[in-house]
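**Student:** Got a structure for you, written out below as structure tokens; questions coming shortly.
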Ligand SMILES: NC(=O)c1ccc[n+]([C@@H]2O[C@H](COP(=O)([O-])OP(=O)(O)OC[C@H]3O[C@@H](n4cnc5c(N)ncnc54)[C@H](O)[C@@H]3O)[C@@H](O)[C@H]2O)c1
């Protein structure tokens, strides 16, 4: 099958590379010339484990190429995927669909034969209808079926998720389109990945419902972590105790500094806007958004408290800046709110991240960056573990205690047992357990 992937970001690049690995002929298109030039030189524009090998192998095999020429890529394809961004619209928080609609118009003009136009971007319910209208108006004679096929991959595990998905959701009522989609995903459902066909609007909604539910699970455990601190419980044991119940499941029950990233924050907001527009309020999701926003900034205040309530003139080193490990994505990362809260309180902030510094630098003015966690920590008054990268899971705590100005260690990911931290000569502060000097210890 000849496939054009319009938009070569996290989703477009991974999906395009994986489709080519299944044996399809894929052309990835992007408007960003520097991104396409880099890819044509064999350089990855993003950090994603395994991506460079996957791309290199398929480029060498002649099944994967990169271009800025949408006309040519689309003109020769039987399936055209839209994988452009749908960020929050400034002002009202609804999904900004200008990239999707812009791509739909360009695709309509470039279509030469019958094709499926597949929306992989996360788009509010009804967007497929609008894409169809745009294509019909722009190219009245075009034979195109507009299908919804939301993507569920997680950054950091994107290739594995794409190749071994829990399910593939395809929204279409047209049998010819369904047949083409079956053909595209055949290698996966031979591997037993359930291919689920639904109406287009239902498929669009499934994606938002999934993200809102996961954001709710995270937020639920985060609030319970606060309660554990107040009453003398241990959130990790509570999470294990409830997660072993199959009806609940153990995933997404790890208390932390609040969810961030390129999807949950914007998708929960966009879903709320849809709910508002259709007068079907989603009160639980409304609370999740509010609680999570407040939590990210509260984490900065927690560090100030760990410093004895005064951060002015103090130096704080943040270890791990990306919104989660194994990605360089900084979009809506909790570290951004923490930095802001600390700087507002007068602290000098340092940052270390194994892959995210290049992305973080322009988003964190005033932060001093280091290429090594110990250099970042040397002379600091507090170290805060913000993102649990593997390289930060076995820190030499004694070395930190020796080299820091004050031995304050704030573990926002519960990586280190408090006992180990204190044994190394550091003072432990964390989440989901009462402070060590509280009445509960
Ligand atoms: N990042 C994730 O983990 C993830 C997971 C599932 C779904 N999604 C959804 O997938 C979509 C894409 O997300 P992303 O993170 O890959 O975005 P991204 O910002 O990394 O990439 C989008 C790309 O589209 C390009 N683009 C925009 N308009 C174009 C056009 N008309 N022609 C060609 N290229 C164009 C941009 O230059 C950019 O490179 C979003 O809707 C997102 O919500 C993302």
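**Student:** Would you say residue 15 is within 25 Å of the chain's Cα centre (by Cα), within 12 Å of the ligand (Cβ to nearest atom) and surrounded by fewer than 23 Cβ atoms within 10 Å (Cβ to Cβ)?
**Tutor:** When the stated conditions are applied, residue 15 does not pass them.
**Student:** How many of the residues in the range 396-412 are assigned to a loop (DSSP other than H, G, I, E, B), surrounded by fewer than 22 Cβ atoms within 10 Å (Cβ to Cβ) and touching a strand residue (DSSP E or B) at 6+ places or on another chain (Cβ under 9 Å)?
**Tutor:** 3
**Student:** Would you please list the contacts, defined by Cβ atoms under 7 Å and residues six or more apart or on different chains, that run from a residue in the range 278-302 that is without any contact (Cβ under 8 Å) to a residue 12 or more places away in the chain to a residue that is surrounded by 12 or more Cβ atoms within 10 Å (Cβ to Cβ) and in a helix (DSSP H, G or I)?
**Tutor:** 281/275
**Student:** Give the range 237-257 a look and list any residue that's under 16 Å from residue 226 (Cβ atoms) and assigned to a loop (DSSP other than H, G, I, E, B), or say none.
**Tutor:** 253, 254, 255, 256, 257
**Student:** Is there a residue being on the phi > 0 side of the Ramachandran plot and either surrounded by fewer than 23 Cβ atoms within 10 Å (Cβ to Cβ) or in contact (Cβ under 8 Å) with a residue 60 or more places away in the chain (or both) anywhere in the range 335-344?
**Tutor:** Checked against the condition, which is being on the phi > 0 side of the Ramachandran plot and either surrounded by fewer than 23 Cβ atoms within 10 Å (Cβ to Cβ) or in contact (Cβ under 8 Å) with a residue 60 or more places away in the chain (or both), the range 335-344 yields no hits at all.
**Student:** Taking the conditions exactly as written (in contact with a helix residue (DSSP H, G or I) (Cβ under 8 Å, 6 or more places away or on another chain) and within 16 Å of the ligand (Cβ to nearest atom)), does residue 219 satisfy them or not?
**Tutor:** For residue 219, the condition - in contact with a helix residue (DSSP H, G or I) (Cβ under 8 Å, 6 or more places away or on another chain) and within 16 Å of the ligand (Cβ to nearest atom) - is not met.
**Student:** Which one is farthest from the chain's Cα centre (by Cα), of the residues in the range 18-38 that are assigned to a helix (DSSP H, G or I), in contact (Cβ under 8 Å) with a residue 24 or more places away in the chain and within 11 Å of the ligand (Cβ to nearest atom)?
**Tutor:** 33
**Student:** A further question follows. Would you check if residue 421 is at pLDDT 95 or above and under 29 Å from the mean Cα position of the chain (by Cα)?
**Tutor:** Here the answer is no, as residue 421 does not meet what is asked.
**Student:** Which of the residues spanning the range 89-119 are free of Cβ contacts under 8 Å to residues at least 24 places away in the same chain and near the ligand (Cβ under 9 Å from one of its atoms)?
**Tutor:** The answer is 98, 102.
**Student:** Could you check, for the range 258-281, whether at least one of its residues is surrounded by fewer than 19 Cβ atoms within 10 Å (Cβ to Cβ), in contact with a helix residue (DSSP H, G or I) (Cβ under 7 Å, 6 or more places away or on another chain) and in a loop (DSSP other than H, G, I, E, B)?
**Tutor:** Taking every residue of the range 258-281 in turn, at least one turns out to be surrounded by fewer than 19 Cβ atoms within 10 Å (Cβ to Cβ), in contact with a helix residue (DSSP H, G or I) (Cβ under 7 Å, 6 or more places away or on another chain) and in a loop (DSSP other than H, G, I, E, B).
**Student:** Suppose we filter 350, 436 for residues that are under 20 Å from residue 310 (Cα atoms) and assigned to a loop (DSSP other than H, G, I, E, B); which single one remains?
**Tutor:** 436
Listed here are the residues, each with its yes/no results for (1) away from the ligand (no atom under 13 Å from the Cβ); (2) assigned to a strand (DSSP E or B).
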residue: 135; (1), (2): yes, no
residue: 146; (1), (2): yes, yes
residue: 151; (1), (2): no, no
residue: 154; (1), (2): no, no
residue: 165; (1), (2): no, no
residue: 173; (1), (2): yes, no
residue: 179; (1), (2): yes, no
residue: 189; (1), (2): yes, no
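**Student:** Also: Here is a check on your reading of the model: is residue 139 more than 26 Å from residue 286 (Cβ to Cβ), free of Cβ contacts under 8 Å to residues at least 60 places away in the same chain and within 13 Å of the ligand (Cβ to nearest atom)?
**Tutor:** no
**Student:** Then there's this: What's the total number of residues in the range 39-62 that are under 22 Å from the mean Cα position of the chain (by Cα), surrounded by 17 or more Cβ atoms within 10 Å (Cβ to Cβ) and part of a helix (DSSP H, G or I)?
**Tutor:** The number of residues fulfilling the criteria is 4.
**Student:** While we're looking at this one, here's another question. Quick check on my filter: what residues within the range 282-291 are part of a helix (DSSP H, G or I) and within 18 Å of residue 204 (Cα to Cα)?
**Tutor:** 285, the sole residue that qualifies.
**Student:** Can I ask one more? I'm trying to understand the selection: among the residues of the range 39-54, which are under 21 Å from residue 356 (Cα atoms) and away from the ligand (no atom under 11 Å from the Cβ)?
**Tutor:** 42, 43, 44, 47, 49, 50, 51, 52, 53
**Student:** How about the range 109-128: which of its residues are in contact with a strand residue (DSSP E or B) (Cβ under 8 Å, 6 or more places away or on another chain) and outside any loop (DSSP other than H, G, I, E, B)?
**Tutor:** 115, 116, 117, 118, 119, 127, 128
**Student:** Surrounded by fewer than 16 Cβ atoms within 10 Å (Cβ to Cβ) and over 21 Å from the mean Cα position of the chain (by Cα): does that describe residue 128?
**Tutor:** no
**Student:** Restricting the range 63-88 to residues that are assigned to a loop (DSSP other than H, G, I, E, B) and within 13 Å of the ligand (Cβ to nearest atom), which is nearest to residue 119 (Cα to Cα)?
**Tutor:** 83
The values are calculated or read from the model by the stated rules, or taken from the named source; none is laboratory data. All values reported here derive from a predicted model rather than from experimental measurement. Methodologically, a virtual Cβ is constructed for each residue, glycine included, from the backbone with ideal geometry; neighbour enumeration extends over all protein chains shown.
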